[in-house]
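Only one structure is covered here, and it is reproduced in the block below.
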Amino acid sequence: MPINIQRPFYTMASVNDTDAEISLYGDIVQEQPTDWYGNPLDGQYIIGTEFLDDLEQIAGCKNVLIRLNSYGGDAGVSIMIHNRLRELARDGVNLTCVVDGVAMSGGSHIMCACDHVKVNPGSLVMIHKCLAFMFGGYNADELRETASGMDAWDKAQVEIYRRKTGLSATVISHMMSDTTYLIGKEAVEKGFADELLDDADAPPIAASADRGSLLVAGRTIHLVPGMRLPDAIPTVEASAGGHNPGLDDTNTNQPAQTGNEGGNPMTLEELRQEHPDLVAQVEAAAVANAANDSDAAVQAERTRLQEIDSISSLYTAEQVREAKYGTNACTAQELAYRAAQEQARIGAAFLDSMSADNNASGAAGVGASPAPEGDDKPATNEDRMAAGEAMAKKLFSKT
C-alpha cells in the first residue's frame, strides 16, 4: 500500500514497494511548542512523537533516503530518532542521508544514523557540547549536578560521532568543545559524510612534473613562467608523445591554439578568458591548500596549549601564563627546561648566600672549648674505684 505522510515540515512517502523517502526540514522538538496561552508557535518543527509513529509505516522498506536540513533542537529527541534509525539499519534497511542544507547539533545525530551520507560542497555540519537553559537561583551543588548530567549527554553524543567517523573519543570531545563547523568537503575528510556531491562532468586535471603546466583531459595548458600550481593538484608525468596517463587514455589531441602561435606564454588573464572554469578550479585548490595549512597550524597550537595545561600544576601561574601567551611563548618541554634552570639558579644563589653569611659571622675563627685545668691526665680504673668508695662513704655517713 502506498505511503504518503505530509506533515507541515517533513514528509514520508514510499517510492515503490521497497524504497521510501523522508524529507526532514525543521527544528527537532518533543512536542509542538506553544505560547503562554497554549497557542501553537509558528515555526518549522520535527515533532518526535509524530515522527516515530510515522516511521513505523515505512519500516518494511529496504531502502530509505533522508533529505535533511535541520539546525538541531532537543538532544533527547535527536538521540532517540538516531537510535530508532539505527535499529532499522540493524534490521537490514539501507539508510542514505543527503544534507540539502545544514545538519547542525541534533540534526547531525540523525545524519550520523545513516550508513551513507552525501553532502553538497555548500552543506554545513556542526557539532557542539549540549546546552542547558537555567532560570532562578542555584547553589554550587545544584550546578555541579546539572554539569554532571550534561557530561552524560555529551558522552552519548561522542559515541554517536565515534561510530560514524572512526575518530577517537578524545578528538571528537575536543571538536565538540570548540563548536566545530564543517563544510561539505571537510565533513567527508573527517568521516562525518561519505560522499561529496559535485559536478560529475568536471574534467580530470593534473600538473606536469615541473608544475608549470596543467594537463586537462589529455590537453596541455602552459602557465606563465614563475606561476606554480598548488600541491593539491596531483602530478602526472607526460610521455614524450604528449600522452597523459591517468587522465584520458583515449584523447591524444594536441592543445588548441589560443593566440600564442609566436611562442609567447599564455598570461593569467588569457588563461582565465580561455578556460574560466579551470582557473576557478585551480584557484579554489590553492585556497583549500592554504586552508589546510592554516588548520594544521591551529591544531599544532591547540596541542601546545593542551600539553602545557597537562603539567601546569607543577609550576606557578605566572610561569604557565608566560609559556602560553608571553613574548617568549614555548612548548611544555621548554617550560619544564626553563623551570629547571630557574630552580638551579635559585639553589646556587641560596648556597652562595649561606656561604657569605658564614664568612661574615667569623664562626670559622672560633676554636674548640679548652679542657678544665688538672684534667689533662686521664682517670685510671683505680682512680674511678676510689672515687666511688669515697662517694659511698659520704652518703652513708649522712644516715
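The values are calculated or read from the model by the stated rules, or taken from the named source; none is laboratory data. All figures in this text were calculated on a predicted structure; none of them were measured in a lab. Neighbour counts run over all protein chains shown; Cβ positions are idealised from the backbone, glycine included. Note: accessible area is taken over every heavy atom of the protein model, side chains too, but ligands, DNA and RNA are not part of it. Shrake-Rupley method; radii C 1.70, N 1.55, O 1.52, S 1.80 Å.
Anything in region 55-67 that is surrounded by 17 or more Cβ atoms within 10 Å (Cβ to Cβ) and either modelled with pLDDT of 90 or more or charged (D, E, K, R) (or both)? List them, or say none. Correct list: Val64, Leu65, Ile66, Arg67.
Here Asp35, Asp19 are screened, and the one residue that is without any contact (Cβ under 8 Å) to a residue 24 or more places away in the chain and either open to solvent by 30 Å² or more (accessible area, probe 1.4 Å) or over 33 Å from the mean Cα position of the chain (by Cα) (or both) is Asp35.
When residues in region 313-344 are screened for being over 21 Å from Arg302 (Cβ atoms), without any contact (Cβ under 8 Å) to a residue 24 or more places away in the chain and either open to solvent by less than 50 Å² (accessible area, probe 1.4 Å) or of a type outside the set (Lys, Arg) (or both), 8 of them pass. The residue of region 68-91 that is least open to solvent (accessible area, probe 1.4 Å), among those that are more than 17 Å from Val117 (Cβ to Cβ) and in contact (Cβ under 8 Å) with a residue 40 or more places away in the chain, is Val77. Looking only at region 177-197, residues that are in contact with a Phe, Trp or Tyr (Cβ under 8 Å, 6 or more places away or on another chain) and part of a strand (DSSP E or B) come to 1 in all. Quick check: is even one residue across region 124-141 in contact (Cβ under 8 Å) with a residue 24 or more places away in the chain and crowded, with 24+ Cβ neighbours inside 10 Å? So far as region 124-141 goes, yes, one or more of its residues are in contact (Cβ under 8 Å) with a residue 24 or more places away in the chain and crowded, with 24+ Cβ neighbours inside 10 Å.
If you go through region 38-48 and pick out every residue that is among the polar types (S, T, N, Q) and either modelled with pLDDT of 80 or more or surrounded by fewer than 11 Cβ atoms within 10 Å (Cβ to Cβ) (or both), you end up with 1.
Being of a type in the set (Lys, Arg) and within 22 Å of the chain's Cα centre (by Cα), is that true of even one residue in region 129-145? Yes, that holds for at least one residue.
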